[in-house]
Structures are given as C-alpha cells and as structure tokens.
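Asks: To start, I am sharing the structure in question, which I have written as structure tokens.
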Amino acid sequence: MEEGSRPLDALNAARNKIVMVELKNNHRFVGKLRAFDIHINTVLEDASEYENGELKRKVGTVFIRGDTITIISPE
Amino acid sequence: MEEGSRPLDALNAARNKIVMVELKNNHRFVGKLRAFDIHINTVLEDASEYENGELKRKVGTVFIRGDTITIISPE
Amino acid sequence: MEEGSRPLDALNAARNKIVMVELKNNHRFVGKLRAFDIHINTVLEDASEYENGELKRKVGTVFIRGDTITIISPE
Amino acid sequence: MEEGSRPLDALNAARNKIVMVELKNNHRFVGKLRAFDIHINTVLEDASEYENGELKRKVGTVFIRGDTITIISPE
Amino acid sequence: MEEGSRPLDALNAARNKIVMVELKNNHRFVGKLRAFDIHINTVLEDASEYENGELKRKVGTVFIRGDTITIISPE
Amino acid sequence: MEEGSRPLDALNAARNKIVMVELKNNHRFVGKLRAFDIHINTVLEDASEYENGELKRKVGTVFIRGDTITIISPE
Amino acid sequence: MEEGSRPLDALNAARNKIVMVELKNNHRFVGKLRAFDIHINTVLEDASEYENGELKRKVGTVFIRGDTITIISPE
C-alpha cells in the first residue's frame, strides 16, 4: 500500500481471497471475501464458523452485518 | 457473484428462499426471506425461533430490526 | 407480499392488529399496533407486558423506542 | 388515533398528563410530560424516580436523554 | 414551560444553576450548568462527583460527553 | 465562560493544559490536551494511563476515540 | 503539533510507523499503521495481537473497524 491509502483499499485487495472475520461476540468466520460496503457489511463464501477456536459449522454463503465486526484479516 | 458485487446483492439472491438469521442475543430465526432494507431490517415468513439450537416456537411472519442482527445465511 | 416488498410493508399490514413486540431486555409487549415510524418507534394500544413469559401488567397505550426493539410479530 | 398516525402523536396526546418513563437501566420516572423531541429526549415535571418498584426520590423537573428510554406510557 | 416547549428549553432554564447529571455508569455529577449542545454534551463548573451516593472527589470544571448521560435534573 | 457558551469552548480553553480523560472502561488518561474534534476524538501528549487509580504505564502521545470517553476535566 | 491541530493529524504523523491499537474487548494490536479514515477504521501491517499482555498470534495485515477501537498510540 502507498502513502495515502484508505482502509477499504486493504479489503479490496483481499477480494476473492480467504479472510478471517472476527465478531464482537468472539465468533470467527473464515471464507472467501466476495463483497463489502462502507458499513463493512461483508459477504463470505464457502465460509466456516469457529467458536473458541473450534469449528462450529460450515455455513456456505454468509452475510455479516458490519457493526458486529471487530477485525478482518487476510489469511 | 462477480467482482464488484455488493453485500445486499447476496441478500437479494436469497429472497424467497429459506435463510437463517442470527441475533446479538444468540436467538436464531429460520424462515423464508421476504424483505430487507439498507438497515438490514428483515422480514421472514413461516419462521421458527431457536434458542441454544432448540426450537422455541413458530412465529409465522416476523419483522427483525436490523441492528439486532449479526449474520444472515441461506440454508 | 410481492417481490421487492420492503420490511415496513409487513408492519403496515399489521396495523390495527395484535402484534408481539420483543425488547432487547427480553420484556415483551402484546397489543394492537397503532403507529410506527422508520426508526421502528412503535405505539401499541390495549397492551400487556410480559416478563419471562408471565403477565407483568397491563399498560394500555405504550410508546416503545425503536432502538430497544428486536422483533415485531403479528399474533 | 386514526390510520396513518405516527408514534409521536401518541406522545403529543400525553402532553401535560402523567406518564411513566422506563429506562434501559430499569429505573422508572413518573411525572407530568412537559416536552419531548424526535430523539425522544423528554422532560417531566413533578417527577418521582422508582427503582425495583420502590420510590427512590422526588426529582422535580428532570430531563431524560432519549437514547436511555425504552418505553413511555400514560398512566 | 408552555405547550409546545422543547426538552432543551428545560436545560436552558437551568443554565448557571446547580444541576445533577447522572451517567450510564451510575456516577453522578453535581455542579453549575455552564454549557450544553444538541448532543447533550454538557459542561459543569464547581462540580463534585458522587458514586453510590458518596462524594468521590471535587472536579472543578468537567466536560461530560452527551451519550454517557441518562438524566439531568435541577437541584 | 459567558452565557451562551458551548461545551467545546471548555475544551478549547483547556488546550495545551493538563487534562484528565475518563473512558467507559474506567481507564483514565492524564496528559496535555493537544487536539480534539466534534466527535470528541482527543489527542493527549506526555500522557499516563491509570487503572483503578494506579499508574499503569506512560504512553506518550495517545489518540482516544471520542465515543469511548465519558468525561474530560482540566486538572 | 501546533495550536488548532486536529486529532487525525496525530494519526497522520504516525503513518508507516509502529502503533499500538487497543480495542473495546481489551485485545491489543501492534503493527505498522498503513491506513485510517474518519471513522477510525484502521489498517495495520506486520501486526501482532496481544491478549492480557501476552502475544496471541501474528496476523500480518489486519483491518480494524473503527467503532471497536478505544485508543491508538505510537510506540
């Protein structure tokens, strides 16, 4: 990233790649980043949900409301 | 979904299909997605409410206020 | 509801009918839906308040601030 | 109230009457409704504060910030 | 106050008078109301802070962020 | 301060002076007030962080997000 | 910083430098500040996550949603 880059540029660079999304309730989703908007509403595909580090279930496509997200990190 | 798609496109693709909606209080609703708006206010039909994974009651039509929602996932 | 309907259409269809309103503090009101706005501020008439499933009191008319509401469901 | 009435109409009808205001911290104020605005910021006069159903103190005039309010109900 | 008065009129009437400000964390400040704005950001002078009803400290001038306030009441 | 003063005037008067900033998580920062904006985002210099009244660490320059602040008080 | 400086100037001065970001859930990230916006959405590179003062994991690039942040401090 260059000087003056914006936070959403980092999300844009991660599009179609595997990301980890952590929620305020400590649940975590890992999946392919398909879409996001300025509210950080986010859509993952082929996603898995983890709770306390353990796989809880596979959820396929999942829409995550932005205000519940704490961090998003490319794997 | 194609490059540049927006999160609400994923909800739009799920319209009239069965989705799972999870709330901040950990309650979960499963039903047919009939409507949503930019606040993620959502209406399900033929919905059932689950608490701790167990069916709590059938609620028919239910309006869910968007700011209480964490995730929405097609079944 | 038809394709493209909005969440507030569902509330509009419930106007003057008995609805159940659930709050973030788990209290529940059942009464006739008289008014609502885009913030989901809601007015019920002939309302009863329930706590843990038990009738707590009859409150007549009640104004409920929208941001405290989780769901609204027609009976 | 007629079809199409708005939630603030119910508050307007209660102006200068005794209302009960419940807060998110479960405190309750009973007093004469003197003023409110679109944020539901509210002013009561000759108000009393209740905690767990018991009178805690008389507060005279009280300004209540709207976002702390859950419900307002005419006595 | 007359019919149609607004909540901030009550605060305006209390300007330069002693008020009690209660916060969401149950702390309470008593002091002279010097300034407030539409967010209810508030400045008190010659203020004292109380916790559980007991004087905790004298703070002189204090700026209180509006969204942390539950009520403001003239003494 | 004169009649009609605004809350941010009090912060402006404290610029480059030592202030105490208290957060919603009860942590407290003491340092020189270098900058603030209408969201009450605040920058302190030569700041120290206190927890339960005890010095936790010296942090030098610190940016504090406004919505986490409860009060700001000049020493 | 000079008189009249704004809080985001302090973040701008820290760009490409190592900063510590503390979240409302008490997690802490240390990494190179690559981007931020007016919501304080922040991107760190070469970041490490700490919990209770202990290194939890290395996360490389991380997008942190602004509303979850309490403070940002240059190392």
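All of the numbers you see were taken from the coordinates with simple rules; none came from a lab. As the structure is a computational prediction, the values presented were derived from the model and not from experiment. Positions of Cβ are generated from backbone atoms using ideal geometry, with glycine treated the same way; all protein chains shown enter the neighbour counts.
Asks: Express the relative contact order of the stretch A:7-74 as a whole percentage, based on alpha carbon pairs under 8 Å and six or more residues apart in sequence.
Replies: Across the stretch A:7-74, relative contact order equals 32 percent.
Asks: Check the axis relating chain C to chain E and name the residue of C whose C-beta is nearest, distance in whole Å.
Replies: Here the nearest residue and distance are C:ASP67, 8.
Asks: Rounded, prolate or oblate: which one fits the protein assembly as shown, using the alpha carbon gyration tensor with axes a ≥ b ≥ c (rounded when a/c is under 1.5, else prolate when a/b beats b/c, else oblate)? Mind dumping the intermediate values first?
Replies: Numbers: a/c = 1.99, a/b = 1.00, b/c = 1.99.
The shape class here is oblate.
Asks: Restricting attention to the stretch F:1-71, which GluC sites (Glu not before Pro) occupy a DSSP loop and are surrounded by at most 11 other Cβ atoms within 10 Å?
Replies: Hits after loop and neighbour filter: F:GLU2, F:GLU3.
Asks: Pairs B:LYS17/G:LYS56; C:LYS17/E:LYS24; A:LYS24/G:LYS56: which are spaced more than 29 Å apart, C-alpha to C-alpha?
Replies: B:LYS17/G:LYS56; C:LYS17/E:LYS24
Asks: Taking +1 at the Cβ of each Lys and Arg and -1 at the Cβ of each Asp and Glu, which of A:ILE72, A:THR61, A:LEU23 sits farthest along the dipole of chain A towards its positive end, judged by Cα position relative to the Cα centre?
Replies: Highest projection toward the positive end goes to A:THR61.
Asks: Another question about this same structure. At R0 = 30 Å, how high is the FRET efficiency between D:ASN52 and F:ASN26 if r is their beta carbon distance? Nearest 0.05 is fine.
Replies: 0.75
Asks: Continuing with the same structure: Please report the spacing between the Cα centers of the stretch E:14-75 and the stretch F:22-64 in Å, no decimals.
Replies: 20 Å
Asks: Calculate for the protein assembly as shown the 222 nm mean residue ellipticity that helices alone would give, adding -39,500 (n - 2.57) per DSSP H run of length 4 or more and normalising by residue count, nearest 500 deg cm²/dmol.
Replies: Value at 222 nm, helices only, nearest 500: -2500 deg cm²/dmol.
Asks: Moving on to the next point. Cα gyration tensor of the stretch G:7-74, axes a ≥ b ≥ c as square roots of the eigenvalues: rounded (a/c below 1.5), prolate (a/b > b/c) or oblate?
Replies: prolate
Asks: Sequence neighbours fewer than 8 away in the same chain don't count; with that in mind, list the aspartates and glutamates whose C-alpha is under 16 Å from G:LYS58.
Replies: Here the aspartates and glutamates satisfying the reach criterion relative to G:LYS58 are A:GLU22, A:GLU75, G:GLU22, G:GLU45, G:ASP46, G:GLU49.
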